[in-house]
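Right, one structure below, let's go through it.
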Amino acid sequence: MGVERRRFIQLGLAGTAAYLAGCTDAPTAALEESPAEKLPQGPLVLSTWDHGLPANERAWEVMRAGGSVLDAVEQGVMVVESDLSNRSVGLGGLPDRDGHVTLDACIQDHDGRAGSVAFLQRFEHPISIARAVMERTPHVMLAGAGAERWALENGFSTRDVQIPEVQAAWQKWLERGEYKPVANIENHDTIGMVAMDAQGRLAGSCTTSGMAYKVHGRVGDSPIIGAGLFVDGEAGAACATGVGELVIRVAGSHTVVELMRQGRSPAEACKEAVLRIQRKHKDLKDMQVGFLAIRADGAYGGYALRDGFSYAVHTAQGNELVPSAFG
Ligand code: ASP
């Protein structure tokens, strides 16, 4: 198994130049070269890992067709949720140690409205259920059997997926039954997406099958507002990927947004969140965490604990996978 983390550039998307006049800088991940101040406000879409490329593509199309930035971040990550060859997002994900694929997702808009589902089984699009929780209930988060019942009652259907390769991988894992998170391989890789529309409105989404072979019932950072995702239109938006427990302990995405509010660049804010994780944990061997952020003025950046994290950036210049700064 293994997804090649390649540099991938798609330029010259039809119609984008006319739609997005004014963007002049190509994306870059280097901390000191953050394009921040030079970039005009959106549209702009950032998402984690190379599965972010098709997700960004879809999100961009949604905005180009007149959809809202909230529609964009929902529909963008749905592409990855539907990809049954993806082993870390959606129903194609690797299971927990009992063999169940359990899904976490959340979504948040410019005004801080939020919806979330955790420990959900057998639904193709947890992100859409998270959005429905936001829009149709007075709550933010539903979990487990209650979330599943609510989803069924509200028009979502279950889907049963059996993937022989996943079953075989789980059987193999059971031979040793060792739970040991490994950095930057496909046993954990959420898709987190943050985006800004042409009016400067922000939104974000995050969806995952979580850590492979986790304890049944484990919930990571991805459905937790402030950990895997945080959006406040006044300050910015951030999302996270990697070992969720590390992110939760520092309220990672909230930390990044608050640091941007205080004037830090997105990359600096992401770096500070990573440094907090480093200061609080003695042994981070074989663990990865990455943050992405867009500041309210359209500046963007990312930072990771170690080498290997890449993210997809869609600007008027195209959709590009860039390696994150790290350290
Ligand atoms: N953050 C996710 C989790 O802990 C996994 C990942 O992003 O790799 O469930």
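The table that follows gives values for the structure above.
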item	result
Matching residues in region 99-128 - criterion: being in contact with a Lys or Arg (Cβ under 7 Å, 6 or more places away or on another chain) and assigned to a loop (DSSP other than H, G, I, E, B)	HIS110, ARG122, GLU124
Residue that is surrounded by the fewest Cβ atoms within 10 Å (Cβ to Cβ) [pool: residues in region 219-250 that are under 15 Å from the mean Cα position of the chain (by Cα), more than 9 Å from the ligand (Cβ to nearest atom) and among the aliphatic types (A, V, I, L, M)]	ILE225
Qualifying residue in region 272-285 (condition: aliphatic (A, V, I, L, M), at pLDDT below 95, open to solvent by 10 Å² or more (accessible area, probe 1.4 Å) and assigned to a loop (DSSP other than H, G, I, E, B))	yes
Filter result for ARG306 (out of contact with any Lys or Arg (no Cβ under 7 Å at 6 or more places or on another chain), basic (Lys, Arg), in contact (Cβ under 8 Å) with a residue 60 or more places away in the chain and assigned to a loop (DSSP other than H, G, I, E, B))	yes
Residue match in region 271-284 (condition: within 13 Å of the ligand (Cβ to nearest atom) and of a type in the set (A, V, I, L, M))	yes
Residue check for GLY99: of a type outside the set (Val, Ile, Thr) and surrounded by fewer than 18 Cβ atoms within 10 Å (Cβ to Cβ)	yes
Which listed residue is free of Cβ contacts under 8 Å to residues at least 60 places away in the same chain and part of a loop (DSSP other than H, G, I, E, B), from GLY200, GLY263, GLY210, GLY217	GLY263
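The values are calculated or read from the model by the stated rules, or taken from the named source; none is laboratory data. Quick caveat, the model's predicted, so the values are computed rather than measured. Reconstructed Cβ throughout: ideal geometry from the backbone, glycine too, with neighbour counts over all protein chains shown. Ligands, DNA and RNA are excluded from the accessible area calculation, which covers all protein heavy atoms including side chains. Shrake-Rupley method; radii C 1.70, N 1.55, O 1.52, S 1.80 Å.
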